[in-house]
Structures are given as structure tokens and as C-alpha cells.
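Following: one structure in C-alpha cells, then a few remarks.
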Amino acid sequence: MEARDPELKKELHATLQARNELGADYEPALIESFLEKVEQRMDGTSDREARRKLAEQRMAVARDARSPEAPESFGERFGFGIISLVAAVPLTAIAAVQAGLEGLIVCWLGIVAINAIHASRGWGRLPRRRRQSSDWEG
């Protein structure tokens, strides 16, 4: 809630004017009514703030769920290795039949290079730490 809320300022002036018109007998009821309005305003503001923070947290989680910097899981690396070995069998046979020993060597150098590049993608990269916001920030 802002330090100077024009709507609450109007409510305060209306409450003070009503007190002047009605007298001191109605003062407790008028004060209670004004405080209820202030409380409702504060509740609404805190609810909006809580919803905003929750939405920001959800967005941060959604962005980091599969970001390019996210490290791969063991299952992804293992699956890539299995697929490359399965693909290596027919490639080895074709390379050996068509180009002989030289083709076989080139084929396996390519397979090893692809797996090495894939394995080294995540090395040297630390997981990002998200900055935690505090209650003191506005």
C-alpha cells in the first residue's frame, strides 16, 4: 500500500467530517469503520503482493525447467550413448564393405567425436543459482 493513498485520505476526511456532524457519541463506531476500510485495503494489497510473488516464482521455475544451461540428466546421456551404439552397427558394416579399413576407421572416429562432443557439452558449467528476493525489496 502506498504511503499516501488518495482513496484512504478521502475516507479519513469523510470520517472526520461525519464525526464533526454526529458528535463524540459516534466516534468509536466511525473509527472502527475507518479501521475496517484500512484493514480491507491492506489485505487486498498483501493478497496482490503474495499472488505476484507466487507468479514470479512459477515463471522462474518454468524458465529454468529446460533452459539451455540446464545440465542433462544421466538418462539423457545414457540414452544418447545407446542410440549412437545402435546406429554404429549398420554404419560400421556399410563403412567396412564400401571403404575397407580406412572407412571403418573414419566411421568410428566420427562416432567417437560425436559422443565426445555430446559428453563435453555440460563440462565446466556450474548450475545457475537464482537470486532470492527478500521482504525488504520493493
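Using +1 on the beta carbon of Lys and Arg, -1 on that of Asp and Glu, and nothing else charged, what's the dipole of region 1-49 about the Cα centre, debye to 20?
In total the dipole reaches around 220 debye.
How long is the gain from ILE83 to LYS10 if the chain were fully straight, where each residue apart is worth 0.36 nm and the alpha carbon distance is subtracted?
Length difference between fully extended and current span is 19.2 nm.
Roll a 1.4 Å probe over the protein chains and send me the accessible area per residue for region 10-55 in Å².
Ligands and nucleic acids excluded, the figure is 80 Å² per residue.
Starting at the first residue of region 88-95, write each ³J(HN,Hα) from the Karplus equation 6.51 cos²θ - 1.76 cosθ + 1.60 with θ = phi - 60°, in whole Hz, x for Gly and Pro.
So the Karplus estimates, Gly and Pro as x, are 5, 4, x, 5, 5, 5, 5, 5 Hz.
Could you check the simple spin-label distance between ASP47 and ARG121, using points 7 Å along Cα→Cβ, in nm with one decimal?
Once both label points are built, they end up 4.6 nm from each other.
Keeping the other protein chains in place, figure out the carbon and sulfur percent of the accessible area of region 1-121, with a 1.4 Å probe.
Summing carbon and sulfur atoms, their accessible area is 64 percent of the total for region 1-121.
Which value, in Å² rounded to 10, gives the accessible area of ILE31 with a 1.4 Å probe and all protein chains present?
Accessible area of ILE31: about 80 Å².
Give the accessible area for VAL112 in Å² (nearest 10); use a 1.4 Å probe, count only protein heavy atoms, and leave out ligands, DNA and RNA.
Surface open to solvent at VAL112 totals about 90 Å².
With all protein chains present and a 1.4 Å probe, how do PHE80, PHE34, PHE74 order by accessible area, largest first?
Of PHE80, PHE34, PHE74, the descending order of accessible area is PHE74, PHE80, PHE34.
The values are calculated or read from the model by the stated rules, or taken from the named source; none is laboratory data. Computed from a prediction, not measured in an experiment: that's the story for all the values here. In this analysis, Cβ positions are derived from the backbone assuming ideal geometry, glycine residues included, and neighbour counts consider all displayed protein chains. We work out accessible area using only protein heavy atoms, side chains counted, and drop any ligands, DNA or RNA first. Shrake-Rupley method; radii C 1.70, N 1.55, O 1.52, S 1.80 Å.
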